[in-house]
Amino acid sequence: MKSIRELHKDDKPREKLAARGAAGLKNDELLAILLGSGVQGKDVRKLAKEILCVLDSGFETLSLESLCGIHGLGIAKASQILASIELSKRYLIQHNKRITSAEDVYHELKPFSTKTQEHFLVMTLDGASHIINTRTVFIGTLNQSLVHPREVFADAIADRAAGIIVAHNHPSGTLAASRADLQITQRLKEVASLVGIELLDHVILTKNGYYSFSDEGVL
């Protein structure tokens, strides 16, 4: 059984972290620092690699029980790992951008306001309105048949989103919803109610400002 202190100087994760920063370490090296030492018959790096196998096979369902199923890993070290992961998750969520208004959407997607082609975007949000992801699902002249709800909601379902905001730019600079825009919004609203993911807004972007379906009471 080897602790970090007993590893060869070139294999010591703590020294690597001090020299390169945490981002320069491999996953098993980061875990080795958390563990501090191995157990009977396993050095710290071997134990870390076994833990990585459990993380890779079921990170979303990781539990104290699944970690303690690793031979030699006790409840104290398993709890330490779980606590570290949970703390990281909370800080990541805290620092994700939160959308509270159409103005927030406009500032987030402003680079698209000057595009010479229309881009149709889907922003997925968690239950606290933090951005999960933003994707372009269509480029070109918009109409109801081309913007298919399947493409709009597929990633939202995969993201386990609570809600979505759709947006597209008007290269002409017109700050008004076209008939096609209204038809697309209505269709997406109907599908949203079926799949249980709320359509929070549809925002039209131009270089001079934005139009919000929600603010205008159209949605």
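The values are calculated or read from the model by the stated rules, or taken from the named source; none is laboratory data. This structure is a prediction, so every number in the text was calculated from the model and none was measured. Ideal geometry is used to build each Cβ from the backbone, glycine not excepted, and the neighbour counts take in all protein chains shown. Surface accessibility is based on the protein's heavy atoms, side chains included, excluding ligands, DNA and RNA. Shrake-Rupley method; radii C 1.70, N 1.55, O 1.52, S 1.80 Å.
Side notes on the structure shown:
- Förster radius 25 Å - calculated FRET efficiency between Ile139 and Asn208, Cβ distance, rounded to 0.05: 0.70
- The helix-based estimate of mean residue ellipticity at 222 nm for the chain, built from -39,500 (n - 2.57) per DSSP H run of four or more residues and divided by its residue count, is -13000 deg cm²/dmol to the nearest 500.
- Annotation note: chymotrypsin sites (Phe, Trp or Tyr not before Pro) in region 28-136 located in DSSP loop regions with a Cβ neighbour count of at most 14 within 10 Å are Phe59.
- Å² of accessible area per residue within region 67-219, as computed with a 1.4 Å probe and no ligands counted: 54
- Carbon plus sulfur fraction of accessible area for region 141-219, probe 1.4 Å, in percent: 48
- Environment charge at Arg160 (Cβ cut-off 10 Å; Lys +1, Arg +1, Asp -1, Glu -1): -3
- Largest first, the extents of the alpha carbon coordinates of region 77-121 on the three principal axes equal 55, 20, 13 Å.
- Which label in [x] 1, 6, 12, 16, 17, 14, 11, 9, 7, 4, 2, 0, 0; [y] 1, 7, 15, 20, 22, 19, 11, 4, 1, 0; [z] 1, 6, 13, 14, 12, 9, 7, 7, 8, 8, 7, 4, 2, 1, 0 gives the computed P(r) over Cα pairs in 5 Å bins from 0, in percent: [z]
- The chain: most fluctuating residue of Ala78, Ala154, Ala23 per GNM, C-alpha cutoff 10 Å: Ala23
- Measuring nothing but protein heavy atoms, the accessible surface of region 9-83 at 1.4 Å probe radius is 54 percent carbon and sulfur.
- When the charge dipole of region 143-219 is built from unit charges on Cβ atoms (+1 for Lys and Arg, -1 for Asp and Glu) and taken about the Cα centre, the candidate among Ala176, Ala158, Tyr211 whose Cα reaches farthest toward its positive end is Ala176.
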